[in-house]
Amino acid sequence: GKVSYGFRDTYLLDFNIGYTGSENFEKGKRFGFFPAISGGWVPTQYEFMQEKLPWLNFLKIRASYGIVGSDVAMGNRYLYNQIYTATDNAYNFGQSDVTSTAITEGDLGNSSVTWEEAKKFDIGLDFNAFDRFSFTFDWFYDKRYNQLVKRNDIPQILGVGTSPINVARTSNMGFDGQIGYQDRFGEFNFNT
């Protein structure tokens, strides 16, 4: 769901709510709630800004915060299920020249696996001047949690694989932007 509000194209608000389901998780853990909010302020909509700074065509300051989820899982799609695999060329004790099919235990199931989530925060600035120059700048911070990673605490000598569990956290921050210039020479338009 999404609700947007704008007042005189100067004050802008967006609310987003996602309630998402995935069959990749066990019943009771299949749905995730992911809200987000963003706001913007466009001071160039004020008359006094247009009078004092006529060269400034557009200025927008914006910010957003939200939570997103991912159900992408490594390996087995249904990590909550125990895996068994049929293997050819299995050895039967006492019969060295006969091969047959055997059932082997694979990755252990993990009934507590659930959504990977990330909290995302962004502050941005959009700027146009002289009907030619444009500038966009964003600073962002992402904090991911409940990331799925393979456990290394079960010895391989047991002969079973392990399903990922939701324990990892990572943070990522940085900035990006874009600078543009547009002009026209006769019938020829160009953007850089």
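The values are calculated or read from the model by the stated rules, or taken from the named source; none is laboratory data. Computed from a predicted structure; not experimentally measured. No Cβ is skipped: glycine too gets one built from the backbone with ideal geometry, and neighbour counts run over all protein chains shown. Accessible surface areas use protein heavy atoms only, side chains included; no ligands, DNA or RNA. Shrake-Rupley method; radii C 1.70, N 1.55, O 1.52, S 1.80 Å.
Details
- Reported label for calculated volume of the Cα convex hull per residue in Å³ given (1) 158; (2) 167; (3) 205: (3)
- Positive-end residue of Ile154, Tyr78, Tyr11, charge dipole of the chain with Cβ unit charges: Tyr11
- With contributions of -39500 (n - 2.57) from each DSSP H run of at least four residues, the per-residue ellipticity at 222 nm computed over the chain stands at -500 deg cm²/dmol.
- Of Ala36, Ala168, Ala63, the residue with the greatest mean-square motion in the GNM of the chain, using alpha carbon springs below 10 Å, is Ala168.
- J(HN,Hα) series, region 9-21, from Karplus relation 6.51 cos²θ - 1.76 cosθ + 1.60, nearest Hz, glycine and proline x: 6, 10, 10, 10, 9, 10, 10, 10, 9, x, 10, 10, x
- The chain, accessible surface, carbon-and-sulfur percent (1.4 angstrom probe): 56
- Placing dummy labels 7 Å off each Cα toward the beta-carbon, the span from Phe121 to Lys150 is 3.5 nm.
- Proximal aspartates and glutamates to Lys143, defined as alpha-carbon separation beneath 16 angstrom and excluding residues fewer than eight positions away on the same chain: Glu116, Glu117, Asp122
- Calculated FRET efficiency for the pair Thr20/Thr85, C-beta based, R₀ 30 Å, to 0.05: 0.45
- Longest DSSP-loop-exposure-free segment, GluC sites (Glu not before Pro), the chain, at most 11 other Cβ within 10 Å: 24-186
- Of Pro155, Pro43, Pro164, the one that fluctuates the most in a GNM where the chain has Cα springs shorter than 10 Å: Pro155
- Here Asp88 sits with roughly 110 square angstrom of accessible surface, probe radius 1.4 Å.
- Neighbourhood charge, 13 Å Cβ-Cβ cut-off, centred on Thr85 and excluding it, Lys, Arg +1 and Asp, Glu -1: -3
- Stretch gain in nm, segment Lys2-Arg77, where the contour uses 0.36 nm per residue and the Cα spacing is subtracted: 24.0 nm
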